[in-house]
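Contents: one structure, followed by commentary.
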Amino acid sequence: MKNTNPIGLFDSGIGGTTIWQEIHNLMPYEDTIFLADQKNAPYGTQTKEAIQALSHKNVKYLVDQGCKLVIVACNTATTNAIQELRSSFSIPIIGIEPAIKPASLLTKTSTIGVLATKGTITSDLFTSKLKLYPNVKIIEQIGYNLVTLIEAGKIHSQEMKDLLQLYLLPMVEQGMDTLVLGCTHYPYLTPIIKTIIPDHILVIDSGEAVAKHTQKVLADHQLLTTNDQPGNTQFYTNIDPSVLQTFAPKDIQVQQIEF
């Protein structure tokens, strides 16, 4: 495996672009391939078996493109498929999970909220993680339909604001002072979320931590690029590229492919 090979990322849709941005900010000389399986989004409503099969298909595609490492840029895919993926492929595979650990260290009221998909919140991995924090009250809220609205380009719709108020205000009433965004789509909602919840509540996502961990894993495997020019980036989707294009860098042309 060459250290100049690309980093691969996949998500069920556009959410993983928030992780891609953090990777690109930290390691601008790395080549990257971002794969959006929008035809099958959202993963949060699929069965565990379906999520595993889709995730395996996506990783295989990225491996076939020569990726030296793959980031599962989707909380739902991580919590349901990461062990199967690591046992099936020999390259390093990095998962995403809700940032409960940093939230537990930052909370002053020992009360944190987690907004995530049904696929994440009902997973065995997520449930097992909660047991690590017996002294913290964790309020779980499934973000029904949020991903669907984001994928439809309706981030700023009244329907989105109404849903966020419905989900967040009861969490505020229960005393949360830290909110974990447990889906890579949700950072795009942060500006709206901050108009709904009080200013003192911290909003945390996983992006920066994932980028730093990726850099460390690449270094440990002697896979950090030796290129000294800005990396090449490819964005792929399996439906009409127009929505993903609005979340991609201006100089990147999203390509529609079959996978």
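The values are calculated or read from the model by the stated rules, or taken from the named source; none is laboratory data. In this text, all values refer to a predicted model and were calculated from it rather than measured experimentally. Don't worry about glycine lacking a Cβ; one is built from the backbone with ideal geometry, like all the others, and counts go over all protein chains shown. Areas reflect the complete protein model, heavy atoms only, side chains present, ligands, DNA and RNA absent. Shrake-Rupley method; radii C 1.70, N 1.55, O 1.52, S 1.80 Å.
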Check off (1) in contact (Cβ under 8 Å) with a residue 60 or more places away in the chain; (2) closer than 17 Å to ALA50 by Cα for THR122 and give me the number that stays unchecked.
(1)
Would you mention how many residues in the stretch 51-81 are in contact with a helix residue (DSSP H, G or I) (Cβ under 8 Å, 6 or more places away or on another chain), hydrophobic (A, V, I, L, M, F, W, C) and over 21 Å from GLU22 (Cα atoms)?
3
VAL180 passes all but one of (1) in contact with a helix residue (DSSP H, G or I) (Cβ under 7 Å, 6 or more places away or on another chain); (2) at positive phi; which number fails?
(2)
Over the stretch 209-251, the set of residues surrounded by fewer than 17 Cβ atoms within 10 Å (Cβ to Cβ), among the hydrophobic types (A, V, I, L, M, F, W, C) and more than 12 Å from GLY13 (Cα to Cα) is ALA209, VAL217, ALA219
Need the failing condition index for ILE14 against (1) open to solvent by less than 30 Å² (accessible area, probe 1.4 Å); (2) farther than 20 Å from ILE142 by Cβ, just the number.
(2)
Could you check the stretch 71-104 and list, in sequence order, the residues that are modelled with pLDDT of 95 or more, over 28 Å from MET1 (Cβ atoms) and open to solvent by 10 Å² or more (accessible area, probe 1.4 Å)?
SER104
Inside the stretch 55-70, the number of residues satisfying the requirement of being touching a Pro at 6+ places or on another chain (Cβ under 8 Å), in contact (Cβ under 8 Å) with a residue 60 or more places away in the chain and open to solvent by 10 Å² or more (accessible area, probe 1.4 Å) is 1
State all residues of the stretch 78-105 that are farther than 30 Å from ASN135 by Cβ and in contact (Cβ under 8 Å) with a residue 40 or more places away in the chain; if no residue qualifies, say none.
ILE91, PRO92
So, first residue within 21 Å of LEU189 (Cβ to Cβ) in the stretch 10-33, second residue open to solvent by 10 Å² or more (accessible area, probe 1.4 Å) and acidic (Asp, Glu), Cβ within less than 8 Å, six or more apart or across chains; the pairs are GLY13/GLU151; ILE14/GLU151; THR18/ASP205; GLU22/GLU208
Could you grab me the full set of residues in the stretch 148-164 that are in contact (Cβ under 8 Å) with a residue 24 or more places away in the chain and either over 24 Å from ASP177 (Cα atoms) or part of a loop (DSSP other than H, G, I, E, B) (or both)?
THR148, ILE150, GLU151, ALA152, GLY153, ILE155, HIS156
Kindly list, by first and then second residue, each pair from a residue in the stretch 166-186 that is within 14 Å of SER110 (Cβ to Cβ) to a residue that is open to solvent by 30 Å² or more (accessible area, probe 1.4 Å) and in a helix (DSSP H, G or I), limited to pairs with Cβ atoms under 6 Å and residues at least 6 apart or on different chains.
THR178/LEU106
Note on THR195: of the conditions (1) open to solvent by 60 Å² or more (accessible area, probe 1.4 Å); (2) under 17 Å from ASN75 (Cβ atoms); (3) of a type in the set (Val, Ile, Thr), unmet is (2)
Filter the stretch 106-132 down to the residues that are touching a Gly at 6+ places or on another chain (Cβ under 8 Å) and open to solvent by 50 Å² or more (accessible area, probe 1.4 Å) and list them by number.
THR109, LYS118
